[in-house]
Amino acid sequence: MVQFDKLRLSGFKSFVDPTELSIEPGMTGIVGPNGCGKSNLVEALKWVMGETSAKQMRGSEMEDVIFAGSGQRPARNIAEVMLSLDNKTRTAPAMVNDTDQLDVVRRIERGHGSAYSVNGREIRARDVQTLFADAATGSRSTALVSQGRIGTLINAKPADRRSVIDEAAGITGLYARRHEAELRLRAAEQNLARVQDVLVALEEQHKGLKRQARQASRYRNLSDHIRRAEAAVLALKLANAERDLADSAERLKEAEAQVSDLTRLVGLATTAQAEAATALPPLRND
């Protein structure tokens, strides 16, 4: 079980200046008149251990824990509380169980909310609450007795006293872990429901894509048939054209032979004409 060693406050309620309280082994007492801030120290412990209710801090909102100013001192914008824990027995949760001393810090800034850190490393508020729950304490622990709490504990119903027994048995950390596990399980169930909705939507898309795929396959088949038919038509036209070309070539040869014969005959006729013309003058003289 961890041991509280030191409490340091700065800007928290009436502790405007940095104030450090050493918690020595045995019993450490704080004595003072009414209004000196004894209750503020208890509330600082509750606050740094993860208290989330402003009413538990005797305020209307959580920023009320920041020093609000006085006649001689201006208001602060930041409040910080650090609680040092002795962790030599290494009983802290695994996420922070790497040093012999744990400095748990909670810091709040006006308009920005709270932030937690352990040894300078930021962690979640739930992790801080689990850390102290494992140590059988916490912001709602019965070991922290605020003003008016003694009568409440004495007059508590048996069912309400269960928290005291659970804390003494050291199982409050298990309740915190169970609550976190239930939240994760609930989130997982919600994720599964969303996944189911996505699967239904994807199934509809799959059906549409299958229908489009069938249409595309039918289109490819028809296009293939059309290309084959067009190729056959073009082959027939090519064959007809080649046949017509062969016929035309044959006719061309015949025509060229006729032209050659006619040209030869024309040559012979021209020669005969020339000879006749040559023989004609002597005959006229006779």
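The values are calculated or read from the model by the stated rules, or taken from the named source; none is laboratory data. Fair warning: this is a prediction, and the values are worked out from it, not measured in the lab. Cβ coordinates were reconstructed from backbone atoms using ideal geometry, including for glycine residues, and neighbour counts include every protein chain displayed.
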Check your understanding: For the stretch 15-55, how many residues meet the condition of being touching a residue at least 24 places away in the same chain (Cβ under 8 Å), exposed (fewer than 15 other Cβ atoms within 10 Å of the Cβ) and more than 17 Å from residue 83 (Cβ to Cβ)?
Key -> 0
**Study point:** Residue under evaluation residue 175, criteria (1) outside the structural domain of residue 43 (by TED's automatic domain parsing); (2) modelled with pLDDT of 85 or more, criterion not met
**Key:** (2)
Revision key, fill the gap. Of 70, 84, 60, the only residue that is part of a strand (DSSP E or B) and polar (S, T, N, Q) is 84
**Study point:** Yes/no for residue 99 being over 36 Å from the mean Cα position of the chain (by Cα), β-branched (Val, Ile, Thr), assigned to a loop (DSSP other than H, G, I, E, B) and at pLDDT below 90
**Key:** no
Exercise for review: Sort through 186, 211, 218 and tell me the only one that's under 30 Å from residue 126 (Cβ atoms) and surrounded by 10 or more Cβ atoms within 10 Å (Cβ to Cβ).
Suggested key: 186
Check your understanding: Yes or no: residue 8 touching a residue at least 12 places away in the same chain (Cβ under 8 Å) and outside any loop (DSSP other than H, G, I, E, B)?
Key -> yes
